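Beneath this line is the structure, given in structure tokens, with notes to follow.
The values are calculated or read from the model by the stated rules, or taken from the named source; none is laboratory data. Being a predicted model, the structure only gives us computed values, none of them experimental. Glycine gets a Cβ as well: all are built from the backbone with ideal geometry, and neighbour counts include every protein chain shown. Accessible surface areas use protein heavy atoms only, side chains included; no ligands, DNA or RNA. Shrake-Rupley method; radii C 1.70, N 1.55, O 1.52, S 1.80 Å.
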Amino acid sequence: MVTMEDFIKGLHNLTRWVVVAGGIWAIYSSVRGLLTKNRWTPMVQRSGLIFTIALQIQLLLGIALYVISPLAGGALNTLDRSIQGLEVRQFAFEHPILMMLALVAAQLGYSLSRRGNNDRAKFTRASIGFLMAAVFLVVGIPWGNRPLLPWG
């Protein structure tokens, strides 16, 4: 029987790949446009929108998982001991903080790019925000601690 925690954890895991794919597309579009001096197009803007929406959905799933998971709840109840355990510390503190920073960076990159005065400013702002988000994501995603695909 699949529990609610297992279902949300699997969905959170699966959504990770949407975030990764959206991030690659957004970074590719913005950096390519910056380097080739292309025009800012609705497709470039859409890539950033998809990336930020995927991150927002991932945040909502993460909050739901954080609320129902005994791992995070137990860490908050035993704060002193949780700092010492690597897995508990990673899932209770490091992962949520880094993922929120990734969302903030991506959202700023997307929002500020829309306000750019010219195409170069838009591509620059988007590239900086999306690349910063990617760094937070690569560092914060627990690549080795969970299966690459859910329910496997």
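Observations on the model:
- Neighbours of residue 108 by Cβ distance under 12 Å: Lys/Arg scored +1, Asp/Glu scored -1, total +3.
- Spacing of the two label points (7 Å from each Cα toward its C-beta) at residue 39 and residue 112, in nm: 2.6
- Based on Cα contacts under 8 Å between residues 6+ apart, segment 1-69 shows a relative contact order of 50 percent.
- Over all other residues within a Cβ to Cβ distance under 14 Å of residue 39, the charged ones net out to +3, with Lys and Arg as +1 and Asp and Glu as -1.
- Extension gain for residue 67 to residue 6 (0.36 nm times residue separation, less C-alpha to C-alpha distance): 20.6 nm.
- The residues of segment 1-57 expose, per residue, 59 Å² of accessible area to a 1.4 Å probe.
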